[in-house]
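Each reported figure results from applying straightforward, stated rules to the coordinates on display, with no laboratory input. What you see is a predicted model, and the numbers here were worked out from it, not measured in a lab. Cβ coordinates were reconstructed from backbone atoms using ideal geometry, including for glycine residues, and neighbour counts include every protein chain displayed.
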Amino acid sequence: MRRVVVLGNLVKFSHSVFALPFALMMLLVVNRTQDVHAWQIGLLVVCVVAARSAAMAFNRIVDARFDAENERTKMREIPAGKVSRREARLLVAISSAAFVTASFILGSHCGFLSFPVLIVLLGYSYTKRISALCHVILGVSLALAPGGVWYALTATWSWKPVSLMLAVMFWVAGFDILYACQDVHYDITKGLQSVPTKLGVRGARLLAGVLHVVAVCLLVIFGKQFELGWWYQLGLGIFAALIASQHITIARRGVACIDQVFFTRNGVASVVLFLFVVLDCI
């Protein structure tokens, strides 16, 4: 059981609250027009959690050398010796297999797409070496969750889920830019690419704020597309307030507090929005 806990810490299992609520939001709005079965819900949750676990474990393997040299990250599981590379690779393999298997059970239309999705998810880990757009790629990776739910349940290509997918992409890119502000000096010395290394911390914070405003606007469009009511609007207001409070706190206390507000504010914001979509659908 201790190993399970350690491996869960390796992949930051609790951070599943970033993608899962939006995937479940898409499930709820689809359920308004067609029946969604319990077995489909279970498989979709497996897909989201397994895919994210594979991506995070792979990222920890690929970045282990940088993590070991960075004062902020040197106590992560692999550089600290709590998890071996072999264990991490095994976790990537098992999580990837679970994702692909669950996708094929949902339908061949999902199964065959699971392979290019994995390429995107695992490939993200290398983007910081070549482009400051790495934050956007991370956003795309999480945005695939609600888009994947739509396609899994409807088996149709449509523009309807795009507003939520783009909202997730901009939201994630914004908070990942803020998160990267902590490592700006280390990234510069190692030649790693990020928005803070290009624009500086002040410019990065400004861009992150713009991306978050765009994300909220897209969530407004999503609500109108799927005819969500005042419960959703109230939830979106709370979501926007939590995101704004993150920027205010960082402006007052500096980037040193980012670790404290990163998970709490963003995680709570996504869960709150999901719960209000539940109320709206009820």
Treat the count of other C-beta atoms within 10 Å as a stand-in for reagent exposure and order TYR124, TYR186 from fewest to most.
-> TYR186, TYR124
log₁₀ I(q)/I(0) of the chain at q = 0.09 Å⁻¹, via Debye over equal Cα point scatterers, no solvent, to two decimals?
-> -0.42
Between GLU227 and ARG129, take the C-beta separation as r, use R0 = 51 Å, and let me know the FRET efficiency to the nearest 0.05.
-> 0.70
Listed peptides 242-250, 134-142, 41-49, 80-88 by packing density, highest first (mean Cβ within 10 Å) = 134-142, 41-49, 242-250, 80-88
Extension reserve of the ALA80-LYS190 stretch, reckoned as 0.36 nm per residue once the Cα distance is removed = 37.6 nm
Contour excess over end-to-end distance, with Cα ends at GLN34 and LEU275 and 0.36 nm allotted per residue | 84.7 nm
How large is the helix-only mean residue ellipticity at 222 nm for the chain, computed as the sum of -39500 (n - 2.57) over DSSP H runs with n ≥ 4, divided by its residue count, in deg cm²/dmol to the nearest 500?
-> -26000 deg cm²/dmol
Using the charge dipole of the chain (Lys, Arg: +1 at Cβ; Asp, Glu: -1 at Cβ; taken about the Cα centre), state which of ALA155, LEU142, LEU113 has its Cα farthest towards the positive end.
-> LEU142
Rank these for me by crowding, LYS190, LYS128, going from fewest to most other beta carbons within 10 Å.
-> LYS190, LYS128
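What is the dipole size for the chain, taken about its Cα centre, with +1 at each Lys and Arg Cβ and -1 at each Asp and Glu Cβ, in debye to the nearest 20?
The calculated dipole for the chain is roughly 680 debye.
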Non-local Lys pairs in the chain, i.e. 8 or more apart or on different chains, that have alpha carbons under 26 Å apart = 14
